[in-house]
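Trainee: Please find one structure pasted underneath; my questions will follow.
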């Protein structure tokens, strides 16, 4: 995966072969289907409440996820709130939204999105869809003071999701 991009981010984690890979902080090697199935196997419940019709007025639901990232030589595992800077200073509320059918149809590769997305497998319930690109309510960037410049494959561990949604 490649990290520490200075660009404004739209997604946190995208499958390497997806059309949105260039908008992501991390590039993943799992397909959306494999990622979805792994979250279900870990006990996650997909919210499945996002549609193309309600996306700009609805916050994603589903199991809350505690996502962290580490790399060889890191002092610790860093939470997403430590590695992603929200221009409004808000905390990320990552949820297992589901959306597998839409993900497979759209082929964006989005695994973890920064707003409530009807295509991403995991999304940030803090913002509705369009907050980043369409309405400009928030900007996200990688925290350069924490993230190293990595251009080789690393692991992005996800802790088992909380079953309470």
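The values are calculated or read from the model by the stated rules, or taken from the named source; none is laboratory data. This one's a predicted model, so the numbers in the text were calculated from it and none came from an experiment. Positions of Cβ are generated from backbone atoms using ideal geometry, with glycine treated the same way; all protein chains shown enter the neighbour counts.
Trainee: If only one of 163, 159 is loosely packed, with under 15 Cβ neighbours inside 10 Å, within 16 Å of residue 79 (Cβ to Cβ) and at pLDDT below 95, which one is it?
Mentor: Of 163, 159, the one residue that is loosely packed, with under 15 Cβ neighbours inside 10 Å, within 16 Å of residue 79 (Cβ to Cβ) and at pLDDT below 95 is 159.
Trainee: All but one of (1) within 11 Å of the chain's Cα centre (by Cα); (2) at pLDDT below 95 hold for residue 97; state the number of the condition that does not hold.
Mentor: (2)
Trainee: Those residues that are on the phi > 0 side of the Ramachandran plot, exposed (fewer than 13 other Cβ atoms within 10 Å of the Cβ) and not in a loop (DSSP other than H, G, I, E, B), I need them from the range 59-108; list them, please.
Mentor: none
Trainee: Within the range 1-19, how many residues turn out to be in contact with a helix residue (DSSP H, G or I) (Cβ under 9 Å, 6 or more places away or on another chain), assigned to a loop (DSSP other than H, G, I, E, B) and modelled with pLDDT of 85 or more?
Mentor: 2
Trainee: Would a scan of the range 35-46 turn up a residue that is in contact with a helix residue (DSSP H, G or I) (Cβ under 9 Å, 6 or more places away or on another chain), closer than 14 Å to residue 103 by Cβ, in contact (Cβ under 8 Å) with a residue 24 or more places away in the chain and not in a helix (DSSP H, G or I)?
Mentor: Within the range 35-46, one or more residues are in contact with a helix residue (DSSP H, G or I) (Cβ under 9 Å, 6 or more places away or on another chain), closer than 14 Å to residue 103 by Cβ, in contact (Cβ under 8 Å) with a residue 24 or more places away in the chain and not in a helix (DSSP H, G or I).
Trainee: Might you check whether a residue that is in contact with a helix residue (DSSP H, G or I) (Cβ under 6 Å, 6 or more places away or on another chain), at pLDDT 95 or above and within 21 Å of residue 27 (Cα to Cα) occurs anywhere in the range 119-130?
Mentor: Checked the range 119-130: at least one residue is in contact with a helix residue (DSSP H, G or I) (Cβ under 6 Å, 6 or more places away or on another chain), at pLDDT 95 or above and within 21 Å of residue 27 (Cα to Cα).
Trainee: Somewhere in the range 98-109, is a residue more than 19 Å from residue 29 (Cβ to Cβ), in contact with a strand residue (DSSP E or B) (Cβ under 6 Å, 6 or more places away or on another chain) and in contact (Cβ under 8 Å) with a residue 40 or more places away in the chain?
Mentor: Yes, some residue in the range 98-109 is more than 19 Å from residue 29 (Cβ to Cβ), in contact with a strand residue (DSSP E or B) (Cβ under 6 Å, 6 or more places away or on another chain) and in contact (Cβ under 8 Å) with a residue 40 or more places away in the chain.
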